[in-house]
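Asker: Below is a structure I'd like to ask you about.
All of the numbers you see were taken from the coordinates with simple rules; none came from a lab. These numbers come from a predicted model, not from an experiment. Virtual Cβ from ideal backbone geometry, glycine too; neighbours counted across all protein chains shown.
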Amino acid sequence: MSNLDLECFKTTSYQPPATTLVLRHLNPVLGNLPTVQVTLGQREQLCVPVAKNNVIPPPNVLDYIRFVDLSCYRVTGPSINQNLGLRHLNPVLQNVPGISVTLNVPQHLCVPVAKNGVVPAPDILRVISHIDLLCYAHQPNPSMNLPLTLTQLNPVLVNQIPTGTVQVTAARQLCVPVQKARDEIPPDVLDVVRWIDLEKFDVTSPAISPVPLTLKHLNPVLGNLPPEELRIAGAAQLAVPVSKNGIVPPG
C-alpha cells in the first residue's frame, strides 16, 4: 500500500443517521490500545485516490487503489497520548524527512464508499470494503512545504477533475486502520488492511468546479445506511502512506 495516496476534498455537509460503532485497532504498533466507541457525526471529507508527480502505481496495484474512496465523518473519543515516529513509504516522498508526533484525540472515521454506483469487481471489493481508518490529531504539525502534481485515478473522477498542483503544508492527522465490531475480515484481507497508515497533510489547492456525486457505503456494517448526495469542491488535504516506529509492512 506504499502507492496509496488520497486527495481529500471538502464536501457539502451531511449528518448520517445515528450510528454508534465500536472500533478495534488493527496495526500491531497500536494493537494494545483499548477499543474505541464512536458515533458518526457530520461528513466533512471525501478522500479519493491520486497519483503524485505522474508516478502511476503498477497495474496490479492500481486495480485496487483506484477504487479506494473513503468518506470521512467527524467523531470524538479519548486521547491516547501515543508517541510515534513516522516515515514516508511512497517512492515520490522517500527523501522527505520523517516526523515524530504525539497522537491525541480521534477526529474522523473514514470508511469505504462507492461513487455513482461504480462498484469494483468482487475480488477487489472484498479488500477495499474493509478499509476503515480512524484519524487522530497530533502534535507537532510540521510543514512538508512541497509542491506535488496530483492526477485522479478513480474512473468516476478521471474526466471530472483535471490534474493540478497542490502545495503540501502542515502534517495534521494520522489515520490508522481499525475494525468495526461485527465486521468479519478474511485473514488474507486483514494482512493487507492492518498496514494502511496514512498521514494527512493540509494542502493549498486550485479551485475546481463542484462535482456532484452519490455515495453508497461498501462496508457490511454500514451497508444499511442510505445513499448520500454531495458535491465536492477544493481539496483540503493529502493523505500519504507512512510507517510507524520503523515497523514496515511485509513485502
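Asker: Could you tell me which label, among [x] -0.60, -0.88, -1.26; [y] -0.26, -0.62, -1.42; [z] -0.28, -0.64, -1.27, carries the value of log10 I(q)/I(0) by the Debye sum over Cα atoms at q = 0.08, 0.12, 0.17 Å⁻¹ calculated for this structure?
Answerer: After the calculation, the listed value that fits is [y].
Asker: Mean-square fluctuation check for the chain, GNM, Cα pairs under 10 Å: which of GLN237, GLN42, GLN94 is largest?
Answerer: Taking springs between Cα atoms under 10 Å, the residue moving most is GLN94.
Asker: Any chance you could check the Cα centroid distance between the range 6-53 and the range 196-211 for me, in angstrom?
Answerer: 15
Asker: Of the residues PRO212, PRO16, PRO59, which exhibits the maximal mean-square fluctuation in a Gaussian network model of the chain defined by a 10 Å Cα contact cut-off?
Answerer: PRO59
Asker: For the chain: lysine pairs with Cα atoms under 17 Å, gap of 8 or more or different chains, count?
Answerer: Lysine pairs meeting both conditions in the chain amount to 5.
Asker: Per residue of the range 112-128, in order, report the coupling 6.51 cos²θ - 1.76 cosθ + 1.60 (Karplus, θ = phi - 60°) as ³J(HN,Hα) in whole Hz, putting x for Gly and Pro.
Answerer: Ordered by residue, 3J(HN,Hα) equals x, 9, 9, 9, 6, x, 8, 10, x, 4, x, 5, 7, 4, 5, 8, 5 Hz.
Asker: Looking only at SER71, SER129, SER13, which one moves most when the chain is put into a Gaussian network model with springs between Cα atoms under 10 Å?
Answerer: In this elastic network of the chain, the residue with the biggest mean-square fluctuation among SER71, SER129, SER13 is SER13.
Asker: Moving to a separate point now. Sketch the reach of a paramagnetic label on ARG126 as a point 7 Å from Cα along Cα-to-Cβ, and name the residues of the range 221-251 whose backbone nitrogen lies under 20 Å away.
Answerer: Counting only backbone N, you get 221-223.
Asker: Measure off 7 Å from each Cα along the Cα-to-Cβ vector at GLN167 and ILE80, then give the distance between these two points in nanometres to one decimal.
Answerer: 3.3
Asker: Compute the relative contact order of the range 5-244 as a whole-number percentage, counting only Cα pairs closer than 8 Å that sit 6 or more residues apart in sequence.
Answerer: 25
Asker: Separate question: Quick one: 3J(HN,Hα) in Hz for the range 223-233, Karplus 6.51/-1.76/1.60 with θ = phi - 60°, rounded, Gly and Pro as x.
Answerer: Coupling constants for the range 223-233: x, 8, 5, x, x, 10, 8, 7, 10, 10, 10 Hz.
Asker: Using amide H atoms built in the peptide plane, which far-off residues or other-chain residues are under 5 Å from ASP197 H to H?
Answerer: Here the answer is VAL242, since their amide H atoms fall under 5 Å of that of ASP197.
Asker: Once phi is turned into ³J(HN,Hα) by the Karplus curve 6.51 cos²θ - 1.76 cosθ + 1.60 with θ = phi - 60°, what whole-Hz value does each residue of the range 52-65 show in order, with x for glycine and proline?
Answerer: So the J values, rounded to whole Hz, are 9, 6, 6, 8, 8, x, x, x, 5, 7, 4, 3, 8, 4.
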